[in-house]
Amino acid sequence: MEYKFKIKFLGILALLAFACTRNGGEKASSTTPIHVSWKLISNFAGPNSTFEARFRIRNESEKELTDQNWALFFNMQPRQILPVKSAQPAVVTHINGDWYKMTPENGFRLAPGDSIDINYWGIEGIIKEVDAPLGLYFAFYDDKGQEKEIAQVAGYVIEEFTAEEQLLRGDTDKLEPYSAAAIYRRNEGMREVPAGQTRKIIPTPVSFRPGKEGFVLKNGFSVSYAGGLEGEARFLSDRLNSAAGLSSELKEGTAPADISLSIDPAGAGSKAAEAYSLTIDGRGIRITGSDAAGVFYGIQSLVALLPLENWQSKTGQASFEGVSIRDAPRFGFRSMHLDVCRNFQSKETVLRVLDVLAFYKVNHLLLYVTEDEGWRVEIEGLPELTEVGGHRGHVAGMEALGLHPAYGSGPVPNEKGKHGSGYYTRKDFIEILKYAKERHITVIPELNFPGHARAAIKAMEVRYERLMKEGKKEEAEAYRLIDPDDKSEYLSAQFYKDNVVSVARESTYRFYEKVVDAYIEMYKEADLTLRKFHTGGDEVAEGAWAKSPLAQNLMASDKSIKDPKNLHVYFFRKLLPLLQKRGLEAHGWEEVALEKNSEGVYVPNPEFVGQGVVPYIWNNLFDLDLGNRLANAGYPVVLCNVTNFYFDLAYNNDPKEPGAYWGGFVDTRANWEFAPFDYFKTTFTTAMGVPLDFKGAEKLKPEARKNIIGIESQLWCETVKGREMLEYYVLPKLMGFAESAWAPERSWESIEDAARRKRQVDEEWNIFANRLAKVEMPRLHYLNGGYNYRVPAPGVVVENNLMKVNTELPGLKIYYTTDGTEPTTSSHLFSEPVPVNSRIQVRAFDSSGSGSRIITAGN
């Protein structure tokens with residue numbers, strides 16, 4: 001299959017090197033009959049969780065593989081590769097980021113029909129199948145060493161992880177190895193509770209009082225709305241129509257109606273932004289907000305009260321129980337971060353995310369649209385950003401002017417199902433903004449500088465080369481982002497060697513302004529004003545700029561910069577006024593409020609307090625009290641604690657459960673069990689399961705509580721391939737997060753006695769979990785056409801030849817089969833221990849019929 005990198009400027013095609021040789025000759029991509037399997041041998045192969053893994057290559061082609069005619073490329077979650085412990089026929093080396101290759105040693109020969117094993121070693125144990133090498137492809141070379149063919153590996157197998165040395169990350173991993181029995185033991189405290197004990201709405205309102213008389217909505221129901229609430233009225237009408245099959249008549253004004261919508265802070269019960277009251281009685285349904293957003297959230301609560309049967313059957317009428325609700329959010333800033341760079345997520349996926357965020361009363365979306373691996377929004381006047389930065393494919397090396405494969409995206413740009421390429425046009429992005437506006441969600445764009453900038457750097461180098469060939473030197477330099485003479489050596493957190501812009505070039509700041517102004521215009525076209533801009537600013541690698549002549553000249557002329565390690569502070573200091581003059585709050589990761597001391601350790605930097613700078617704090621694991629210290633220093637802080645709110649961290653340590661685990665494991669309970677003003681109470685262990693010691697850590701001062709302006713969940717998408725995986729990662733974690741973001745302070749948050757606090761937390765979590773299983777998750781089966789939420793696999797234990805099962809979410813039903821078929825809701829329903837006389841397959845289902853992964857017991 002032939003492919004070309006789509007770009008308007010045909011004159012620079014030779015520079016792009018997508019699936020090209022260094023001489024620019026394009027090559028076809030195909031699949032190869034060569035089969036590859038991969039096995040993790042052990043995570044106990046040496047100190048520091050050294051792993052040993054094995055590739056097995058079986059040559060089913062008609063050509064011999066030699067020591068000159070091939071290389072195998074792949075992506076792998078970044079890990080340091082160690083020297084081999086014994087001679088191997090081929091070696092694995094790191095190229096850049098998560099891009100690796102295997103090359104043959106002298107004397108390598110693999111004849112057709114033969115197989116060969118290649119072992120390699122690295123640092124940091126692997127316990128997930130998603131961490132195995134992905135996106136494998138061969139490059140084949142001619143006698144002159146030039147690439148002649150790129151061929152993807154179709155026959156690739158990842159061997160299952162079953163042994164303890166595969167299930168633990170070395171001898172420092174103190175967690176219990178995954179097993180269905182371990183899950184069973186973890187679930188033992190969970191129990192079903194009567195329906196009357198569960199929450200009626202998630203997130204929990206401030207006040208919820210049942211009424212004596214309810215109200216029935218029928219087809220053709222009427223809605224009256226105050227001026228300025230037409231959008232909310234239409235949303236209500238559309239939602240009840242799609243959910244219950246109810247048609248309606250809308251009319252502006254205060255005339256009597258089945259549902260009335262109005263704005264009145266006194267009637268809403270609070271002058272706070274986004275507050276509302278919802279009353280259902282025999283006279284009808286009345287929603288009053290302190291503002292339009294409050295009315296909107298009152299509508300969402302009404303929809304949440306719609307009986308599940310209406311979603312399932314759409315009978316044309318809906319019976320609501322009587323109720324009186326007064327509600328307002330705990331935090332005004334409730335956000336989710338969505339990374340669309342590591343793996344691209346379609347516009348339609350983002351719109352679905354906005355819908356479910358709005359339903360659970362989340363009011364911000366931080367859209368992560370620039371990264372090393374991709375630039376995802378079209379910027380007028382800089383077409384290379386998406387023409388180059390919006391595509392990944394095979395290149396001749398890390399120096400090539402294109403983006404290499406990442407996260408298994410493979411050698412072919414735009415290949416269906418690979419998620420490496422793609423971007424939003426201006427029209428797409430404006431549509432996203434308008435859709436969010438209708439749902440009272442603020443979209444915050446991010447331009448992450450000075451690190452995490454490889455896609456922008458490569459795109460602007462393509463622009464530079466094109467304009468230099470046209471003899472336009474001044475124009476070429478206008479938006480260039482690098483010091484071409486920089487010889488600095490560094491390795492970023494994601495193992496990049498070339499992802500930091502030059503902070504000494506005026507063109508870097510000119511570029512930033514150009515992009516910000518383009519966003520401002522897109523917001524205007526969406527009838528919005530851009531007020532919050534996220535600057536990134538995180539994870540600048542140690543060693544960046546150390547050997548940059550431009551940086552050295554800058555430091556010589558500006559004596560306030562005493563160490564290249566603090567050039568990131570210089571960058572932000574210079575960037576901030578550019579944002580302020582555009583009326584923008586400068587949001588950023590925690591490093592924007594930090595500087596490095598003489599030992600190279602990050603410490604709070606008070607310089608930007610009171611200047612509209614909002615740091616987002618993820619690091620409560622390696623710097624336990626950082627969020628408290630920055631809030632105490634006067635910064636308005638958004639807490640994004642990795643131990644609680646990282647949606648991309650796996651639900652548990654099951655090797656088949658996708659997700660990362662560098663920060664531990666995060667499930668729905670972790671999102672729910674969060675005390676924002678004393679998060680030491682809800683942070684328990686390191687990623688390896690070692691209890692944390694908070695002795696000497698700084699607590700949040702009472703007067704600094706106001707500086708915790710909100711919380712944010714994070715979805716980094718290194719392991720997220722497409723819509724279904726994204727929804728699986730987010731749901732049901734989002735419900736736990738929403739409870740922490742909106743609901744009033746839980747009484748257990750202030751209990752100092754750990755044992756008493758745990759008893760209350762366990763009891764309240766059990767009630768919340770019942771609501772998830774019985775209502776929230778089944779409704780997701782129907783909401784917006786249905787979401788791909790996670791139903792947890794059951795815990796299973798065999799004792800005295802009897803199989804027992806349980807679930808972490810009471811209310812799920814467990815079915816099993818003994819004949820080798822997959823369990824369905826028509827299979828045997830588990831009600832008592834089952835004799836194990838053969839292989840039994842077990843699966844959990846909710847009332848909508850959505851099911852979990854299958855667990856097997858017996859032989």
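General observations
- The range 469-548: trypsin sites (Lys or Arg not before Pro) falling in loop per DSSP and having at most 16 other Cβ within 10 Å: K472, K487, R531, K547
- Fraction of beta bridges assigned by DSSP in the range 248-328 that are antiparallel (%, nearest 5): 70 percent
- Counting only protein chain heavy atoms and rolling a 1.4 Å probe, the accessible areas of D498, D372 rank, largest first, as D498, D372.
- Take every DSSP beta bridge whose two residues both sit in the chain; close to 60 percent of them are antiparallel.
- Calculated mean residue ellipticity at 222 nm for the chain: -7000 deg cm²/dmol, from DSSP H runs with n ≥ 4 weighted as -39500 (n - 2.57), summed, divided by the residue count and rounded to 500.
- Near V462, once Lys and Arg are set to +1 and Asp and Glu to -1 for all other residues with Cβ below 10 Å from its Cβ, the sum equals -1.
- Cross-link pairs exceeding 26 Å in C-alpha to C-alpha distance, out of K514/K706; K427/K514; K361/K733; K101/K596, comprise K514/K706; K101/K596.
- Relative contact order for the chain: 12 percent, from Cα pairs under 8 Å spaced at least 6 residues apart, divided by residue count.
- Remark: the chain carries 38 Å² of accessible area per residue (probe radius 1.4 Å; ligands, DNA and RNA excluded).
- Kyte-Doolittle at least 1.0, axis length at least 15 Å by Cα - qualifying DSSP helices, the chain: 292-305
- Candidate cross-link partners of K804 among the lysines, defined by an alpha-carbon separation under 19 Å and a same-chain spacing of 8 or more, comprise K813.
- Residue order by solvent-accessible surface for D117, D678 is D117, D678, largest first, with ligands and nucleic acids left out and a 1.4 Å probe.
- Whole-number D in µm² s⁻¹ for the chain, Kirkwood Cα-pair radius fed into Stokes-Einstein, 37 °C, 0.692 mPa s: 113 µm²/s
- The range 553-640: relative contact order as a whole-number percent, Cα under 8 Å and 6+ apart: 22 percent
- Rg over Rh for the range 305-374 works out to 1.14, both radii taken from alpha-carbon positions and Rh defined as the Kirkwood radius.
- Sorting the Cα pairs of the range 67-204 by distance into bins of 5 Å, from 0 upward, gives 2, 7, 12, 16, 15, 11, 8, 7, 6, 4, 4, 3, 2, 1, 0, 0 percent per bin.
- Check: the chain dipole with +1 on Lys, Arg Cβ and -1 on Asp, Glu Cβ, in debye: 1340 debye
- Among the chymotrypsin sites (Phe, Trp or Tyr not before Pro) within the range 312-421, not one is in coil by DSSP while having at most 10 neighbouring Cβ atoms inside 10 Å.
- Virtual spin-label span in nm between V216 and N837, 7 Å along Cα→Cβ: 5.2 nm
- The GluC sites (Glu not before Pro) found in the range 331-412 that occupy coil by DSSP, while having at most 16 further C-beta atoms within 10 Å, are E380, E399.
- Equivalent ellipsoid dimensions for the range 204-317 as semi-axes, Å, which come from the Cα gyration tensor, largest first: 21, 16, 13
- Expected-Rg normalisation [2.2 N^0.38 Å, Cα atoms] applied to the range 632-702: 1.21
- For K701, the lysines whose Cα falls under 16 Å of its own Cα, not counting residues fewer than eight places away in the same chain, are K681.
- Proximal aspartates and glutamates to K39, defined as alpha-carbon separation beneath 17 angstrom and excluding residues fewer than eight positions away on the same chain: E52, D117, E124, E129, D131, E159, E160, E164, E165, D654
- When the charge dipole of the range 529-625 is built from unit charges on Cβ atoms (+1 for Lys and Arg, -1 for Asp and Glu) and taken about the Cα centre, the candidate among S598, A551, G537 whose Cα reaches farthest toward its positive end is A551.
- DSSP beta bridges in the range 585-683 [antiparallel fraction, %, rounded to 5]: 30 percent
- Sorted from longest to shortest, the spans of the Cα atoms of the range 529-666 along the three principal axes equal 55, 39, 28 Å.
- Environment charge of G228, counting only residues whose C-beta is closer than 10 Å and scoring Lys/Arg +1, Asp/Glu -1: -4
- From the alpha carbon centroid of the range 459-480 to that of the range 621-659 is 41 Å.
- Accessible surface of the range 780-859 [probe 1.4 Å, protein heavy atoms]: carbon and sulfur percent: 43 percent
- Length-normalised contact order for the range 714-815 - Cα pairs under 8 Å, 6+ apart - percent: 29 percent
The values are calculated or read from the model by the stated rules, or taken from the named source; none is laboratory data. Model, not experiment: these values are computed from the prediction. In this analysis, Cβ positions are derived from the backbone assuming ideal geometry, glycine residues included, and neighbour counts consider all displayed protein chains. Accessible surface is based on the protein model in full, side chains and every heavy atom, while ligands, DNA and RNA are left aside. Shrake-Rupley method; radii C 1.70, N 1.55, O 1.52, S 1.80 Å.
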